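Undergrad: The structure follows.
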Amino acid sequence: MHRCFIQDNLSSSMRRFLQILLLLSSLSGEQSQLGCSLRGLTIDSFLQNGDILLGGVFVVHSGFIFQPPTFQELPQAVSCTGFHIRYYRDVLGLMFAIDEVNQSPDFLPNVSLGFSLIDSCMSEMRAVGGLMSLMSGAAHPIPGYDCHLQSVAAGIVGELVSALSLPIARILGVLHYPQISHGATLSSLSNKVNFPSFFRTVPSNMFQNIAITQLVGQFGWTWVGMLIVDNDVGQQGGQVIQAGLEKSGICIAFMEKIHLSYSAEQVWRVVEVIKKSSVNVIILHSPEVHMKALLDALFDEGVTGKMFLSSASFGITPGLFSEKAWKVLNGTIGLIPNTGAMPGFERFLLNLRLSNPPSYPFIRLFWEKAFSCKWTDGDKSHPTPLVLDVNDTMICTGKEELGKNMSILLETNDLSYTYHAYLAVYAYANALHWLLKCQDGTCDKVSDVQPWKVLHHLKKTSFHPGSQEVMTFNADGDLPASYDIINVQVLQNIFNLVKVGKIDPEAKGGVRTTLNFSFILWNDRYSHVPVSVCGLHCPPGHRKAQRLGEPICCYDCLPCSAGEVANATDASECLQCPPDQWPNEKKDQCIPKLIEFLSYEEPLGIMVAMMVVIFSVLTVFVLIIFAQHQKTPIIKATNRELSFILLVSLILCFLCCLVFIGQPSEVTCPLRQTFFSVVFSICISSVLAKTIMVILAFKATQLNSPLRKWLGPTIPRCVVGLCSGLQIVICSVWLHQSPPFPVLNAETENHKIIFECNEGHKLFFFMTLGFLGLLAMISFFVAFLARNLPGTYNEAKLITFSMLVFCCVWISFIPAYLSTSGKYTVAVQIFAILASSAGLMSCIFLPKCYVILLRPDRNSQVLLGSKQRERIFG
């Protein structure tokens, strides 16, 4: 009796959908023995009997041929093309796991597992149609009906590709029919609201996003391209990966779509984008079948220097690609789901044999592919129309042996997806084991097994295939995620996959990446890790400057501004040094500023000190000469008292320069300007008094002149005392109100700290200088008016010239003082003091010393009183 019934757990909307299908079937007039069928849809499958069946929707052929319907005849079935051993090996992994379960005493005692398999050929139409066939148990699918005669359907294993798993998951979710995918990575499939019955043994794109970001960061790449498959799955996965990369500061130069159905023009357009791009690394996020034509085209255009980073969606399928494609892929770094051990799997593969009827699905196609031969009687085990290679001439005998070439023929260098199909079988076996296990004295029979019951136990089952760790599906239907990092190495046309690391996004303490760079073999262009950046790495001391209108990874390197440093590579901004520090020459670290002041240990300080000593000694010599010859007529005629005061004040003027040299202190800072101001005021007032006395002496030549009473020492003393007193008052107020003090000035000079004296209130400083300037100007004008007096009083000419030198020096001092800083400001003031003092001494006293020492014949009362006395100083 047939077990043919409509499932009772359907939603109202799904029931209405199925009722419409049944109505269409009844209207066709071609009813089956069950009274219902889908017209024109026949999906061929392979069946291995068992008490409980697992459905398998697998990619075995990499492509399909679809004839668009003309609506004038019955639509043609989808034809498969491109049988590939890599995909077929996943089927063998399913069979191996089922054999292990059936032979194990720990699982399902007295219950055998079987399977029913269909080949989707990368076609959504075949995948959905095959699913309906597996669920209904009939070659002509009957949606919503279970018509299995001898077995119970428990669930579905597959699909490998997310784009094919998506429509299957939608249908199975409505029917509460469990599905475990061994390759679909689309993150949205973890949404249990939309896909309540979907499980998978591979990590989702969400973890792949973390893994790829970690891997790109490990290699220091910030400028990458991206190729995705042109469907909803590719776009969603690409957006997730792009978001993760951009969050980590990695820029996507381009994101191009590709598909196996693309025309040659579309493929060449993508090739041109890659050729023109400056990226050296391209991320492949697409099933490998879509990339074949593009990789061949890249080789034809000579684009073989790009590095590829493949996501887990890009399966490494040796038999799929041509020799040209492998040369392009050489050096590729890829992610594959973590692979565990499958003890005995190689022995299982070695036992592959032909039988009649075939005990292995697609075994004759595998035989042709593995041994490059052809059956003369066609492939009776697979009546679906196939596109085969007609260039092979060897005849298959069925006696060929895999032998030592088994690993090459079966492409066992990457068992990742095969292993995850193996895990899916063990997950079902554990769920069924607990479902059929007797509990509380009650036992479920095999006939009581329903997909929704299996789904319930899948959510909470724990399983451990072989010696592997215990695994449990989480709330999203995913297993713990981890990836192996592999490197594609092609040497002398021999293909090899080498595991070079591992990424565990769920490790304790965060994502953990282990990578052995020494195992990596790059392509022919690179001998080390390739560089893929939009802007060159900015060395320390530079910052990144964003290029206008370009992605954030595209930048120029600009040196840090004055006072700023960048101590890291690719610094986004420079850091300001503290006030007491300054960047070194490389601008990669702040170093203490040099403390600068005019010291006795540097050449400038030594030179100034020597000049002070020389001028002071010369002045002392002059004073000694005047003291020794003070009774001579020439000294008497020029007012001996004022001359001695002037000489002593000049000596003090020279010596006051020593106070300006050396480290500023609480004592020297107040003393510098005040001592200088007072001593110079005595000096200039003495010159002024000399000039006044010259004028008075000229005006009081008559014996009865009333001015003769002023020719005594009173007026000179009053002038000197008054002028000096006023300057002392100004300096006293200055010291009381705002005295100068030492300070470390880090602002005037960027690269050094100036140890200087802060003059306090600048008003007092300029008042003292102004007062000295006023005295100098008065002395100059008075002396200038008396320049034509008789020779006896010819000193007026010398005073005029000396004051002219004095005024010129100090007028030049003002701009020089304001335009310098640090020790050079102090040096300018010292030179002004020395120059003006030396000018006074030279112009006023050296002519007299010349007469006293070298022309004593002119130093007589008779000569000074004759009419020729004008030539004495002329």
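The values are calculated or read from the model by the stated rules, or taken from the named source; none is laboratory data. As the structure is a prediction and not an experimental result, all values here were calculated from the model. We place every Cβ from the backbone using ideal geometry, glycine too, and count neighbours over all the protein chains shown. Quick note on the areas: whole protein, heavy atoms, side chains included, nothing else; ligands and nucleic acids left out. Shrake-Rupley method; radii C 1.70, N 1.55, O 1.52, S 1.80 Å.
Undergrad: How long is the gain from Val667 to Leu515 if the chain were fully straight, where each residue apart is worth 0.36 nm and the alpha carbon distance is subtracted?
TA: Result: 47.9 nm gained on full extension.
Undergrad: Identify the residues of the range 43-79 with backbone N under 15 Å of a label point that sits 7 angstrom from the Cα of Val267 along the Cα-to-Cβ direction, or state none.
TA: 63-64
Undergrad: Rolling a 1.4 angstrom probe over the protein heavy atoms, how many square angstrom per residue are accessible across the chain?
TA: Value returned for the chain: 45 Å² of accessible area per residue.
Undergrad: Would you please classify the overall shape of the range 226-270 from the alpha carbon gyration tensor, given that a ≥ b ≥ c denote the square roots of the eigenvalues, rounded means a/c under 1.5, and beyond that prolate means a/b larger than b/c while oblate covers the rest?
TA: Oblate shape, in that a/c is at least 1.5 and b/c is the bigger or equal ratio.
Undergrad: Let me understand the range 44-104 better: what is its radius of gyration from the alpha carbons, and its Dmax, in angstrom?
TA: 16.2, 54
Undergrad: Okay, which of the range 575-607 sit inside 11 Å, backbone N to the point 7 Å along the Cα-Cβ direction of Ala562?
TA: Within reach of a label on Ala562: no residues.
Undergrad: So, one more: Counting DSSP beta bridges in the chain, what percent are antiparallel, to the nearest 5?
TA: Around 50 percent antiparallel, to the nearest 5.
Undergrad: How long is the gain from Met777 to Arg170 if the chain were fully straight, where each residue apart is worth 0.36 nm and the alpha carbon distance is subtracted?
TA: 208.0 nm
Undergrad: Ignoring any ligand, DNA or RNA, what whole percent of the accessible area of the chain comes from carbon and sulfur when the probe is 1.4 angstrom?
TA: 58 percent
Undergrad: Using alpha-carbon pairs under 8 Å, 6+ residues apart, how would you state the relative contact order of the range 428-552 in percent?
TA: Over the range 428-552, the number comes to 12 percent.
Undergrad: Could you work out the helix-only [θ] at 222 nm for the chain, with each DSSP H run of four or more residues adding -39,500 (n - 2.57) and the total divided by the number of residues, to the nearest 500 deg cm²/dmol?
TA: Value at 222 nm, helices only: -13500 deg cm²/dmol.
Undergrad: May I ask which residue of Leu618, Gly129, Leu117 lies farthest towards the positive end of the charge dipole of the chain, with charges of +1 (Lys, Arg) and -1 (Asp, Glu) on Cβ and the Cα centre as origin?
TA: Of the options given, the answer is Leu618.
Undergrad: With point charges of +1 on the Cβ of Lys and Arg and -1 on the Cβ of Asp and Glu, referenced to the Cα centre of the chain, which listed residue (Trp734, Cys147, Phe495) lies farthest in the positive direction of the dipole?
TA: Trp734
Undergrad: In square nanometres, what is one fourth of the surface area of the convex hull spanned by the alpha carbons of the chain?
TA: Directional mean of the projected Cα hull area for the chain stands at 61.8 nm².
Undergrad: Efficiency by 1/(1 + (r/R0)^6): what FRET value for Ser407 and Ile552, r their Cβ-Cβ distance, R0 = 60 Å, to the nearest 0.05?
TA: The formula returns an efficiency of 0.85 here.
Undergrad: As an exercise, use a Förster radius of 41 Å and the Cβ-Cβ distance of Glu469 and Ser322 to find the FRET efficiency, rounded to the nearest 0.05.
TA: 0.55
Undergrad: Can you give the direction-averaged projected area of the convex hull of the alpha-carbon atoms in the range 195-315, in nm²?
TA: Over all viewing directions, the range 195-315 projects a mean Cα-hull area of 7.9 nm².
Undergrad: If I take every Cα pair under 8 Å that is 6 or more residues apart in the range 453-505, average their sequence separation and divide by the length, what percent do I get for the relative contact order?
TA: 24 percent
Undergrad: Starting from the 7 Å offset along Cα-to-Cβ, what nm value, one decimal, do you get for the label separation of Leu722 and Leu818?
TA: 3.2 nm
Undergrad: What's the local net charge at Gly114, with K and R +1, D and E -1, over the other residues with C-beta under 15 Å away?
TA: That works out to -3.
Undergrad: Just report the Cα centroid separation between the range 493-531 and the range 99-138, whole Å.
TA: With the range 493-531 and the range 99-138 each reduced to a Cα centre, they are spaced 36 Å.
Undergrad: Let me ask something additional. List the lysines whose Cα sits under 26 Å from the Cα of Lys437, skipping any in the same chain fewer than 8 residues away.
TA: Lys445, Lys453, Lys459, Lys460
Undergrad: Normalising by the residue count of the range 196-298, find the relative contact order in percent from Cα pairs under 8 Å and 6+ residues apart.
TA: 34 percent
Undergrad: Given Lys586/Lys823; Lys404/Lys502; Lys192/Lys508; Lys636/Lys690; Lys502/Lys544; Lys324/Lys499, which pairs have Cα atoms separated by over 21 Å?
TA: Pairs exceeding the cut-off: Lys586/Lys823; Lys404/Lys502; Lys192/Lys508; Lys502/Lys544; Lys324/Lys499.
Undergrad: Just report the Cα centroid separation between the range 314-358 and the range 255-298, whole Å.
TA: Comparing the Cα centres of the range 314-358 and the range 255-298, I get a distance of 23 Å.
Undergrad: For the pair His456/Thr397, report the inter-label distance in nm, with labels modelled 7 Å from Cα in the Cβ direction.
TA: 5.8 nm
Undergrad: Ok, one more. Determine Rg/Rh for the range 403-536; Rg is computed over alpha-carbon atoms and Rh is the Kirkwood hydrodynamic estimate from the same atoms.
TA: Value, to two decimals: 1.14.
Undergrad: Here is a follow-up. How large is the Kirkwood hydrodynamic radius of the range 158-203, in angstrom, based on all distinct alpha carbon pairs?
TA: Across the range 158-203, the inverse of the average 1/r is 9.9 Å.
Undergrad: A follow-up question, please. How far is it, in nm, from the label point at Lys508 to the one at Leu853 when both lie 7 Å from their Cα along the line to the Cβ?
TA: 9.6 nm
Undergrad: Over the C-alpha atoms of the range 126-239, what are the Rg and the largest Cα-to-Cα span, Dmax, in Å?
TA: Considering the range 126-239 through its Cα atoms, Rg and Dmax are 17.2, 60 Å.
Undergrad: Give the residue list of chymotrypsin sites (Phe, Trp or Tyr not before Pro) in the range 559-639 that are DSSP loop and have at most 13 other beta-carbon atoms within 10 angstrom.
TA: Answer by residue number: Tyr600.
Undergrad: Next question. Cα-Cα pairs above 17 Å in the range 571-674: how many percent?
TA: The proportion of pairs with Cα distances above 17 Å equals 69 percent.
Undergrad: Can you list the aspartates and glutamates whose alpha carbon is less than 18 Å from that of Lys374, not counting same-chain residues fewer than 8 positions off?
TA: Hits, sequence-local ones excluded: Asp389, Asp392, Glu400, Glu401.
Undergrad: Quick check: residue separation of Arg525 and Asn584 times 0.36 nm, minus the Cα distance between them. What number comes out in nm?
TA: 17.4 nm
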